[in-house]
Structures are given as structure tokens and as C-alpha cells.
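The values are calculated or read from the model by the stated rules, or taken from the named source; none is laboratory data. Only a predicted model underlies this, so the values are computations on that prediction, with no experimental measurement involved. No Cβ is skipped: glycine too gets one built from the backbone with ideal geometry, and neighbour counts run over all protein chains shown. Keep in mind that these areas ignore ligands, DNA and RNA; they rest on the heavy atoms of the full protein, side chains included. Shrake-Rupley method; radii C 1.70, N 1.55, O 1.52, S 1.80 Å.
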Amino acid sequence: QVQLVESGGGLVQAGGSLTLSCAASGIFSSINAMGWYRQAPGNQRELVATIASGGRTVYADSVKGRFTISRDNVKNTIYLQMNSLKPEDGAMYYCNFKGAIVNYWGQGTQVTVSS
């Protein structure tokens, strides 16, 4: 079982920056692929970025060049550095852990971007 706790969300003006964190804890013998997803009101949950244990990353086209995902394997934590934020980036951001059997999700952290 894996528990995920997100933090770092908040209110920021367009063009600003925020950094999200997701700490993983529980029973796992290796560092699995993890990622960030988001869901805005009226929209479906969408992929933002993922990072494999070896550091390979994948980004949604909408955030590529503005967001950076990273991981600290010692702390079992991933981060999402968000720059040049746009109002359309506003959403609930969820941390994901890809397990061998099931995917685990955090409770989410709210990001609001004002214009």
C-alpha cells in the first residue's frame, strides 16, 4: 500500500510560479513511475507530466516548456515546478504512483491562477 500527500498549491497571478510536492510512503521495494495529473471544473482529469525511476519524463503538450517534473529518490518525493502560469492551468492537481497492481492517487492540491 502506498500513500501520497501533495502540497504546494495556492493562488498565483498569471505569469507567476508555483512548486508542488508529493511525498510517497508505504510498502514498495523500488521507485516506481510517478506523475502529476490535473482536473479543472467541467473537465476530465488529464496528464500533466510523468517521471520514471530512471528520470525519463513525459509532458503534456499544453505544459511543455513551462513545467518541470523531478524526483528525489531518497525522500521518495516528486515535484512539479510550474512557471509562466496561465489561468487555464488552474485545477486540482493530483499525484499518481504507478504500482504493480493498481495506481495510487493523492488527495489533490488546488492551484488557482488569477488574471
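General remarks:
- Residue in the range 18-50 that is surrounded by the most Cβ atoms within 10 Å (Cβ to Cβ), counting only those that are of a type in the set (S, T, N, Q) and over 14 Å from the mean Cα position of the chain (by Cα): ASN32
- Considering the range 52-78, the residues that are assigned to a strand (DSSP E or B) and in contact with a Phe, Trp or Tyr (Cβ under 9 Å, 6 or more places away or on another chain) include one that is most open to solvent (accessible area, probe 1.4 Å), namely THR68.
- Within the range 95-112, residues that are closer than 11 Å to GLY35 by Cβ have Cβ atoms under 7 Å from residues that are of a type in the set (Gly, Ala, Ser) and at pLDDT 95 or above in these pairs: CYS95/GLY106; ASN96/GLY35, counting only partners at least 6 apart in sequence or on another chain.
- Checked against (1) in a strand (DSSP E or B); (2) surrounded by fewer than 18 Cβ atoms within 10 Å (Cβ to Cβ); (3) hydrophobic (A, V, I, L, M, F, W, C), CYS95 meets all criteria but (2).
- So ASN32, is it within 23 Å of GLN3 (Cα to Cα), out of contact with any Ser or Thr (no Cβ under 6 Å at 6 or more places or on another chain), of a type outside the set (D, E, K, R) and assigned to a strand (DSSP E or B): no
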